[in-house]
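S.K.: Sharing a structure below in structure tokens format, with a few things to ask.
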Amino acid sequence: MLFGIYKGTLREAGFYWVNPFSNRRQVSLRAHNFNSEHLKVNDLRGNPIEIGAVVVWRVRNTAQAVFDVEDHQSYVEVQTESALRHLASLHPYDTPHENETSLRGSSDAINQQFQIELEQRLARAGIEVLEGRFSHLAYAPEIAGAMLQRQQAEAIIDARKQIVEGACGMVQMALEQLQDNSVITLDEERKAQMVSNLLVVLCSERTTPVINAGTLYG
């Protein structure tokens, strides 16, 4: 700078003649790591969670980093925390639906979205984001136990659903094969009893099989 006027930036190594009245300031172009603190925020469903991120950044435009913001390092820290809070409020921590993006289940997509948003926020300071990803993600301690029970219940329900669907398919296949091969002819009442017994055997974790010896006809 010469008398408060920006004159340019020297980026290449070598010998230069510079006006002795000019004011010079060095800005590092090396990559920097910033590890944010664990922030307590609310996700899309209002559940309190703890979240943290690691950002690798460097200065791309030294003039913007010096003149457009007061302190570019502090600017990176504040904008990183702001981007984390905004991103956490857009997605749930976890979801049972496969087509819904969640913070825990869609880590690659969330990290990419976080990096894109951070690049847009830091473009004003002439800063380039080399990498941005979550370093910590967990439920807040006050609800961690309750949410663990909820996840276990959802897992049990999904497992039971698959078991019932598989059992129904096996019962249907058994009835069709018995009918096609003419092994036995069952009336509607006996079909219903057979279906009930098969479903109990296939869906129960512990069953005691009962053998029907048949019916005597006079």
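S.K.: Scan segment 80-88 and give yes if some residue there is among the acidic types (Asp, Glu), surrounded by fewer than 18 Cβ atoms within 10 Å (Cβ to Cβ) and touching a Ser or Thr at 6+ places or on another chain (Cβ under 8 Å), otherwise no.
M.R.: Yes, segment 80-88 has at least one match.
S.K.: Restricting the first residue to segment 105-116 and requiring it to be in the same structural domain as Ser36 (by TED's automatic domain parsing), which pairs with a second residue that is among the small types (Gly, Ala, Ser) and modelled with pLDDT of 90 or more meet a Cβ separation below 9 Å and a spacing of at least six or different chains?
M.R.: Asn111/Ala53; Asn111/Gly132; Gln112/Gly132; Phe114/Ala53; Phe114/Ala83; Phe114/Gly132; Gln115/Gly132; Ile116/Gly132
S.K.: If you check His91 against the conditions, is it under 24 Å from Ala140 (Cβ atoms), surrounded by 12 or more Cβ atoms within 10 Å (Cβ to Cβ) and without any contact (Cβ under 8 Å) to a residue 40 or more places away in the chain?
M.R.: no
S.K.: So, one more: For segment 81-100, how many residues meet the condition of being part of a loop (DSSP other than H, G, I, E, B) and within 21 Å of Glu119 (Cα to Cα)?
M.R.: 3
S.K.: Please verify whether Tyr16 is outside any strand (DSSP E or B) and surrounded by fewer than 16 Cβ atoms within 10 Å (Cβ to Cβ), treating the condition exactly as stated.
M.R.: Here the answer is yes, as Tyr16 does meet what is asked.
Here is a yes/no grid of residues against (1) among the polar types (S, T, N, Q); (2) more than 12 Å from Ile127 (Cα to Cα):
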position	(1), (2)
Lys7	no, yes
Gln26	yes, yes
His32	no, no
Pro48	no, yes
Asn61	yes, no
Phe67	no, yes
Glu81	no, yes
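S.K.: How do the pairs read when you match residues in segment 32-47 that are among the aromatic types (Phe, Trp, Tyr) with residues anywhere that are at pLDDT 90 or above and exposed (fewer than 14 other Cβ atoms within 10 Å of the Cβ), using Cβ under 7 Å and keeping only pairs 6 or more apart or on different chains?
M.R.: none
S.K.: For Val27, work out the one condition from (1) of a type in the set (Val, Ile, Thr); (2) at pLDDT 90 or above; (3) not assigned by TED's automatic domain parsing to the domain that holds Leu118 it doesn't fulfil.
M.R.: Only one criterion is unmet by Val27, namely (2).
S.K.: How many residues does segment 38-68 contain that are outside any helix (DSSP H, G or I), out of contact with any strand residue (DSSP E or B) (no Cβ under 9 Å at 6 or more places or on another chain) and surrounded by 16 or more Cβ atoms within 10 Å (Cβ to Cβ)?
M.R.: Of the residues in that region, 1 qualify.
S.K.: Looking at (1) touching a residue at least 40 places away in the same chain (Cβ under 8 Å); (2) more than 25 Å from Glu131 (Cβ to Cβ), which is the only condition Phe21 fails?
M.R.: So Phe21 meets the others, but not (1).
S.K.: Which condition breaks for Gly4 when tested against (1) surrounded by 14 or more Cβ atoms within 10 Å (Cβ to Cβ); (2) more than 19 Å from Gly132 (Cβ to Cβ)?
M.R.: (1)
S.K.: Of the residues Ile116, Ile127, Ile156, only one is over 17 Å from the mean Cα position of the chain (by Cα), of a type outside the set (D, E, K, R) and either modelled with pLDDT of 80 or more or surrounded by 13 or more Cβ atoms within 10 Å (Cβ to Cβ) (or both); which?
M.R.: The match here is Ile127.
S.K.: Of Val66, Val54, Val78, Val59, which residue is out of contact with any Lys or Arg (no Cβ under 7 Å at 6 or more places or on another chain), in contact (Cβ under 8 Å) with a residue 24 or more places away in the chain and among the β-branched types (Val, Ile, Thr)?
M.R.: Exactly one residue qualifies, and that residue is Val59.
The values are calculated or read from the model by the stated rules, or taken from the named source; none is laboratory data. Please read these numbers as outputs of a predicted model, since none were measured by experiment. Neighbour counts run over all protein chains shown; Cβ positions are idealised from the backbone, glycine included.
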